[in-house]
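The values are calculated or read from the model by the stated rules, or taken from the named source; none is laboratory data. Please read all numbers here as calculations on a predicted model, not as lab measurements. Don't worry about glycine lacking a Cβ; one is built from the backbone with ideal geometry, like all the others, and counts go over all protein chains shown. Just the protein is used for accessible areas: all its heavy atoms, side chains included, with ligands, DNA and RNA removed. Shrake-Rupley method; radii C 1.70, N 1.55, O 1.52, S 1.80 Å.
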Amino acid sequence: MSNFSSSQTWRLSAIVLFCLASCSHVFSQLESSKWTFGHGAALDFSKGSPQVICGTKIFTSEGCASISDSKGNLLFYTDGITIWDRRSKPMPHASGLKGHLSSTQSAVIVPAPGKSEIYYVFTLDSEANKGGFCYSLVDMTQNNGWGDVVEKNHQIKELCTERIVAVRHANGKDIWVIIHEYNSDAFVAYLLTDNGLAERAVVSNIGFEYKKSIFSTIGYMKISSDKKMIAVAINGERMLQLFRFNAETGILSGCITLKMFDGNTPYGVEFSPDNKLLYVSTVKTGEIFQLDVEHFNEEDIQKSMMLIGQSKNKRNLGALQLAADGRIYVAEYQSKYISAINFPDIRGVGCEFTSFSVPLGEGMSMFGLPTFFQDYVKPLKMNRVQRFNPLNVRPGVRYVLDNVHFDFDKILINDSSAVELDKLADILKKNKNYVLEVTGHTDSLGTEHYNNKLSQLRANAIGDFLVKHGVVRQRITCIGRGSKEPLEENADEAGRHENRRVEIVLTDLPSKSDNEK
């Protein structure tokens, strides 16, 4: 789009693409890199860290979808009612689609198998209304290459919940499109091939029967990246359900039912990149929970449910969506920010939920984030940190203190480290609104317990140094992560030396007026 913006100051850690020496080409598979959502909100993940896109026309409370080409160039986006091209102009015949502004997953965009310029836009009406489940076809060769709708509102089913998943068949070519009927316990999986959408669907009668209340139609459905599990947030029933999925047959099996704490109403769900953890957001209190789903045992998963964070405003949290940078982002209702789970493969609070992580410029987050064709949701291989340069420090960026390393099994700060830390202290004293997070890391030698303790002591040593040099202690948080996040291989001393490090993040706190928005 001609009105992309890169002039914002980001609060989220900057992410640098990691280029493999053996590759002569740049990363592709960036079809999910452009996000449009909420009230005029949009982000670009094509270069790693999310950057604000200005000028989008989307204005929706919940469901939305967008699609880019393999290089990350936006093609079009939708709220399930209108389709806008990459210029943010409505396609000529792309209004009046039968999605809904208040449908959890109002739309998903799926490439037509064997037809590179054709896309299916599947839509769902809200609360089991008669618009039901439909598809429209977008042909990107039409309208001088800006795209046009060549078939619209082909209805497949009338009464459905607000949930949809699209994922590649085990054959690597065809695509499963999965919905759930209303007044029924039926998951319905349609197979999309190069001949179109199969008339005969695969039906799995399993799990909750959606008929008690229209509120049971609300909540996200997600599939794990290995295509083996499907999770459903059933908002009105205050529960989650988890199923096994067979990407060869389209059949769901092995229902697990999980109750939420304190009657909380779940809304968003998302799997960690390694598929061992499941995250869920709640509407009632703005909380985020983590569940260990590695062994697919109902009792164990229920016991593992852990509160890992809460919105600063204790407001409604909405959709969860994994991004290309490996983080899971969280919609904050009626906010100028979205939140993030920074390390979603880590069990417990170490996954690091941070509220108000990413500013949205003039946009506003509502309940929804884009629903993507699952095979497009692939985190890129990235290096999450930059080297500390006191002349060019930005809030929200995770830096390695380049000259602050520790001898094996030591926490002492040497003279060369003190020079670097003096510069950091000066920055904090000059910028009174900054708060600092210090994270200590170790190499892999020693036990996990010992390394966790040692890394915490190293972080504390940095904090103590800064306090002695005039920084108020209340502005500093110290964390130890042990050997969980190495920068280099631990096979030799050179790599272990790099891993015995300290990282910092400066945060420019939102003003009170920001928090009240």
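Three semi-axes describe the equivalent ellipsoid of the stretch 186-315; taken as square roots of 5 times the Cα gyration tensor eigenvalues and ordered largest first, they are 27, 17, 14 Å. Derived scalar couplings between HN and Hα for the stretch 308-317 equal 10, x, 8, 4, 4, 8, 6, 9, 4, 9 Hz in order, rounded to whole Hz, by the Karplus curve 6.51 cos²θ - 1.76 cosθ + 1.60 (θ = phi - 60°), x for Gly and Pro. Taken over the chain, the convex hull of the Cα atoms encloses 152 Å³ per residue. The protection proxy used here, the mean number of other Cβ atoms lying within 10 Å of each residue, ranks peptides 302-314, 282-294 as follows, highest first: 282-294, 302-314. Computed from backbone phi with θ = phi - 60° and the Karplus coefficients 6.51, -1.76 and 1.60, the 3J(HN,Hα) list for the stretch 451-468 is 5, 4, 5, 5, 5, 5, 5, 5, 4, 4, 4, 5, x, 4, 4, 5, 4, 5 Hz; x is used for glycine and proline.
Taking amide H as placed 1.01 Å from N in the peptide plane, G326 has its amide H under 5 Å from the amide H of L380, each at least 5 places away in sequence or on another chain. Largest first and in whole Å, the equivalent-ellipsoid semi-axes of the stretch 80-160 read 22, 13, 10, each the square root of five times a Cα gyration tensor eigenvalue. For the chain, the longest principal axis of the C-alpha atoms and the axis of helix 415-430 are separated by about 60°.
The mean sequence distance of close C-alpha pairs (under 8 Å, at least 6 residues apart), as a share of the length of the chain, puts its relative contact order at 12 percent.
For K98, the lysines whose Cα comes closer than 16 Å to its Cα, not counting residues fewer than 8 places off in the same chain, are K130, K152, K157.
Based on protein heavy atoms only, the chain ends up with 40 Å² per residue of surface accessible to a 1.4 Å probe.
Total lysine pairs in the stretch 280-402 at Cα distances under 16 Å, for residues eight or more apart or on different chains: 4. The protection proxy used here, the mean number of other Cβ atoms lying within 10 Å of each residue, ranks peptides 80-93, 426-439 as follows, highest first: 80-93, 426-439. Ligands, DNA and RNA left out, the accessible area of the chain computed with a 1.4 Å probe is 49% carbon and sulfur. Within the stretch 421-517, all pairs of alpha-carbon atoms sorted by distance into 10 Å bins from zero give the percentages 16, 39, 27, 14, 3, 0. Counting only Cβ charges, +1 for Lys and Arg and -1 for Asp and Glu, the dipole size of the stretch 274-325 around its Cα centre is about 500 debye.
Sorting 159-165, 348-354 by average packing, meaning the other beta carbons within 10 Å per residue, from highest down gives 159-165, 348-354.
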